[in-house]
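Okay, so here's the structure we're looking at.
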Amino acid sequence: MSELIVKHNNFVEANYNLTLTELKIIAKLSSMIQKEDDDITCYKFSLRKLLEELNLGKENYTHLIDSLDRLLTRIIIIKRLDSNTFLKTTFLSSTEYFLDDSTVELSFDKKLKSYLLQLKNNFTMYEFENVVALSSSYAIRIYELCKQYEKIKERIIEIESLKEILDIKAKSYNRYDNFKRKVLEIAKREINEKTDIHISFEEIKTGRKVTSIKFNIVKKEFEKSEIKEAETKEKKYSEE
């Protein structure tokens with residue numbers, strides 16, 4: 001059964017840079033949160049099962065543990081536009097390992113509570129299965145950004161703003177053709193092949209320079225039974 005991920009839009013648009021495995025860990029941990037949860041709690045995972053659920057292979061324990069440990073130091077910057085402030089914190093507050101049964105207990109940082117729990121509006125919702133199959137970290141982030149605007153069916157975002165959200169600092173990406181080839185094209189292909197939406201993008205120029213991207217977003221058609229199941233899950237958060 002698919003698991004639902006619900007994030008505040010400020011979290012979706014936050015500035016951070018995680019590896020593919022780290023993103024999938026955060027996605028899995030997010031999917032554990034229930035609508036009725038009123039506080040950040042710890043979730044316990046079997047390391048072996050977590051490897052399988054994240055499509056990492058059954059024996060790649062070292063890579064998984066390294067990724068878990070790095071998440072204790074990864075910084076996320078969330079802009080609070082309504083109060084003209086920003087939050088800078090880590091994703092996880094702790095990772096506790098239990099050697100007897102090869103499990104790990106994870107907990108989000110307490111400061112992320114208002115961006116993950118008891119959300120009534122301004123949130124983005126999607127199924128865990130739509131990101132776990134992706135093999136590009138940029139594809140996961142761009143999927144979330146497009147999913148956020150799924151009902152509007154398009155999203156225009158300045159390239160510099162997108163680079164800031166994705167925390168892209170490499171000078172090679174200053175060349176638009178590199179950014180297009182290594183970020184946009186790969187994300188588009190992955191999203192269209194493996195998720196519940198189909199995207200395309202148009203280039204918006206200022207003079208001769210491409211300065212913004214317009215994403216066109218279309219929800220894929222599924223069997224009626226799948227649509228009904230998805231709608232039922234959405235209603236637990238919103239009647240929209």
Calculate, for segment 138-214, the solvent-accessible area per residue in square angstrom, rolling a 1.4 angstrom probe over the heavy atoms of the protein chains. 54
Work through the residues other than HIS8 whose Cβ is under 13 Å from its Cβ and net out their charges, Lys, Arg +1 and Asp, Glu -1. +3
Cα-based shape type of segment 182-225, given that a ≥ b ≥ c are square roots of the gyration tensor eigenvalues and the cut on a/c is 1.5: oblate
Using amide H atoms built in the peptide plane, which far-off residues or other-chain residues are under 5 Å from GLU3 H to H? PHE128, GLU129
Within 10 Å of each candidate Cβ there may be at most 16 other Cβ atoms; applying that plus a DSSP loop requirement, which GluC sites (Glu not before Pro) in segment 1-76 survive? GLU3, GLU36, GLU59
Karplus-derived 3J(HN,Hα), 6.51/-1.76/1.60, for each residue of segment 70-85, Hz, glycine and proline x: 5, 5, 6, 10, 5, 9, 10, 10, 10, 7, 9, 5, 6, 10, 6, 10
For the chain, the accessible surface attributable to carbon and sulfur atoms (probe 1.4 angstrom, ligands and nucleic acids excluded) amounts in percent to 48
Provide the per-residue ³J(HN,Hα) series for segment 46-55, in order, calculated from phi with Karplus coefficients 6.51, -1.76, 1.60 and θ = phi - 60°, each as a whole number of Hz, with x at glycine and proline positions. 6, 4, 5, 5, 5, 4, 5, 5, 8, 6
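The values are calculated or read from the model by the stated rules, or taken from the named source; none is laboratory data. Computed from a predicted model, the values in this text were never measured in an experiment. Virtual Cβ from ideal backbone geometry, glycine too; neighbours counted across all protein chains shown. When the accessible area is computed, the model is the full protein with side chains, heavy atoms only, and any ligands, DNA or RNA have been set aside. Shrake-Rupley method; radii C 1.70, N 1.55, O 1.52, S 1.80 Å.
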